[in-house]
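Below is one structure, written out as structure tokens, with a few remarks after it.
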Amino acid sequence: MKFDIRRLDVYRRVSKDFTQPTTFGALVSIFSVLFILFLVFTEFMSFLQVETISELFVDRPSPGDQIIVKLNISIPHLGCEYLGLDIQDEMGRHEVGFSENTRKVPLHDNTGCLFDGSFHINKVPGNFHMSTHGAQQQPRFVNMEHTIHSLEFGDHQLSNFDFLPGSFNPLQDIDHNTDAAHLSHDYYMKLVPTTYHPINGGKMSGYQYTYAYKGYGMQGGYLVPAIWFRYDLSAITVQYTDRRKPFYHFITMICAIVGGTFTVAGLIDAVVINASEIFHKLELGKQS
């Protein structure tokens, strides 16, 4: 006996002679097709979108790791010949008047100074500060009123990516030009290592940070004002990764949309048609 593979067909066709088109069924079909097209378009746009996933893990620094710092600050009441950058940390580093990869631009007829530079700090707690400690001659009066235009940590400027959560440059445009002229300024910062993996590959590294500020003056003796940036590092690294929904998810949703819509539409059509037939029979029964 020859096996007929058509016996396995679970989608057997019904002859058109045994089906009856209706106006309501046509309206349901048109609405279903339009609804499917809308949902497919919406799902396709969602598939194209990139979502950024955040993860946390413990940072394991290697010996000798360093962090690049980019600082841009203006001090309008202290000349460039007095202003310098000092760097200290818990590994014993102590540099006064650090000048590599830095520039100082005079402001207001040499009465003020714009400092812009990039330098490396060790990956241990420490500080860097703007002061007159390295000047060959001290000014008669030290006024450290200032505006921080930018302070960022890390190889890449992650602050340029507005869609990334976090604070990568929270000290931007901080202004302390209306404080008492004799004050020292302390910024206490907590650095959080952060990496970003864009959808097109690669890896970008930076640091987001929070800060607290304190201004203080002379207490029982002469204190040369300075601008201190004291930092500590978090042991937790934040990782942002761009991801797009997998293609199989898109196909699964399309199948669910098409199958679900036609199933619900078929149920609605069957309920309405059956209800209409029952109502029609009841009307005929009353008339008879």
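The values are calculated or read from the model by the stated rules, or taken from the named source; none is laboratory data. These numbers come from a predicted model, not from an experiment. For neighbour counting, all protein chains shown are included, and Cβ atoms are generated from backbone atoms with ideal geometry for every residue, glycine included. The protein model used for the area step is the full one, side chains on, heavy atoms only, and it has no ligands, DNA or RNA in it. Shrake-Rupley method; radii C 1.70, N 1.55, O 1.52, S 1.80 Å.
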Condition test on Ile36, is it of a type in the set (Val, Ile, Thr), assigned to a helix (DSSP H, G or I) and open to solvent by less than 40 Å² (accessible area, probe 1.4 Å)?
-> yes
Could you give every pair whose Cβ atoms fall below 8 Å, whose first residue belongs to the stretch 199-213 and is assigned to a loop (DSSP other than H, G, I, E, B) and of a type outside the set (D, E, K, R), and whose second residue is at pLDDT below 90 and open to solvent by 80 Å² or more (accessible area, probe 1.4 Å), counting only separations of at least 6 or pairs across chains?
-> Ile199/Arg243; Ile199/Arg244
Give the residue that is farthest from Ser150 (Cα to Cα), with candidates limited to residues of the stretch 236-253 that are open to solvent by less than 60 Å² (accessible area, probe 1.4 Å) and touching an Asp or Glu at 6+ places or on another chain (Cβ under 9 Å).
-> Phe250
On the given criteria, is Ser118 free of Cβ contacts under 8 Å to residues at least 60 places away in the same chain, hydroxyl-bearing (Ser, Thr, Tyr), in contact with a strand residue (DSSP E or B) (Cβ under 7 Å, 6 or more places away or on another chain) and not in a strand (DSSP E or B)?
-> no
Would you please name the residue that is farthest from Gln172 (Cα to Cα), looking only at residues in the stretch 97-134 that are open to solvent by less than 20 Å² (accessible area, probe 1.4 Å) and more than 33 Å from the chain's Cα centre (by Cα)?
-> Thr132
The stretch 162-182, subset part of a loop (DSSP other than H, G, I, E, B) and either in contact with an Asp or Glu (Cβ under 8 Å, 6 or more places away or on another chain) or among the β-branched types (Val, Ile, Thr) (or both), residue surrounded by the fewest Cβ atoms within 10 Å (Cβ to Cβ) | Thr178
Just checking, how many residues over the stretch 135-160 are among the charged types (D, E, K, R), surrounded by 15 or more Cβ atoms within 10 Å (Cβ to Cβ) and assigned to a loop (DSSP other than H, G, I, E, B)?
-> 1
Identify the residue in the stretch 183-214 that is more than 21 Å from Ile67 (Cβ to Cβ) and in contact with an Asp or Glu (Cβ under 6 Å, 6 or more places away or on another chain) and, among all such residues, is modelled with the highest pLDDT.
-> Lys214
